[in-house]
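I have placed the structure first, in the form of structure tokens, so that the comments after it can refer back to it.
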Amino acid sequence: MTTKISVGDVIMIPIAKVGIVPAQVLFVSKKYKNVIQMGVYQTCLTSSNDEFNYSDSFCELIYTSQEMIKKGDWILIGNHLVAEQYKDSSLRNVAGSLYINDDFIRRLAPDEYSKYPKMLVSGRGAVENRIRKNFPENILDGNPERPCP
């Protein structure tokens, strides 16, 4: 059975020497095969069953592949409404063009390129390294919820 990834899906990402970090799918591209944007919560858990506060803000907004979820490396635990402040988080620069979701808005002038985040799709290792930078490296101490420093 194929796992269908949807906007709002909540996933748990195990990070070595850190713990389990929840993230939420904010955008699923139909134009770019298997590409999603996810927001990584500012929370580190000791178990994928631990509760956490969905109102926390995100440490990172990352474009990546759906593959780690489909293969079960990252655990899909449910779906939660995306906070209003993140509804337009996919506004980005794609090779000099401005997009929101899969919708082309316009070509950007070269002096505008830096005004918008680039859509850089990261693989598993790069995603996990980016997440790891937001948390202190320590042995899990039984504290079920540790915020980013």
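Structure notes:
- Antiparallel %, DSSP beta bridges [both residues in the chain], to 5: 90
- Contact order, relative form, for the chain: 28 percent (alpha carbon pairs under 8 Å, 6 or more residues apart, mean separation divided by residue count).
- Each of 53, 135, 105 was placed along the dipole of the chain (beta-carbon charges, centred on the mean Cα), and the one lying farthest toward the positive end is 105.
- Gain upon complete extension [residue 31, residue 54; 0.36 nm per residue less C-alpha separation]: 5.4 nm
- A simple packing score, the average count of other Cβ atoms within 10 Å per residue, orders the peptides 28-38, 101-111 as 28-38, 101-111, with the highest score first.
- Lysine pair number, Cα distance threshold 19 Å (strictly under), the chain, separation 8 or more or different chains: 17
- Label positions at residue 87 and residue 5, each projected 7 Å from the Cα along the C-beta direction, are separated by 2.4 nm.
- From its DSSP helices (H runs of at least four residues, each -39,500 (n - 2.57)), the chain gives a residue-normalised ellipticity at 222 nm of -2000 deg cm²/dmol.
- Per-selection Rg to Rh, the chain - Cα, Kirkwood hydrodynamic radius: 0.98
- Point-charge dipole on Cβ atoms (K/R +1, D/E -1) for segment 10-149, about Cα centre, debye to 20: 640
- Backbone geometry of segment 119-131 corresponds, through the Karplus equation with coefficients 6.51, -1.76 and 1.60 at θ = phi - 60°, to 3J(HN,Hα) couplings of 7, 10, 8, 9, x, 3, x, 5, 4, 5, 5, 4, 5 Hz, x marking Gly and Pro.
No lab work stands behind these numbers, since they all come straight from the coordinates. Since we're looking at a predicted model, the values are computed, not measured. Counting neighbours? That spans all protein chains shown, and the Cβs are built from the backbone with ideal geometry, glycine included.
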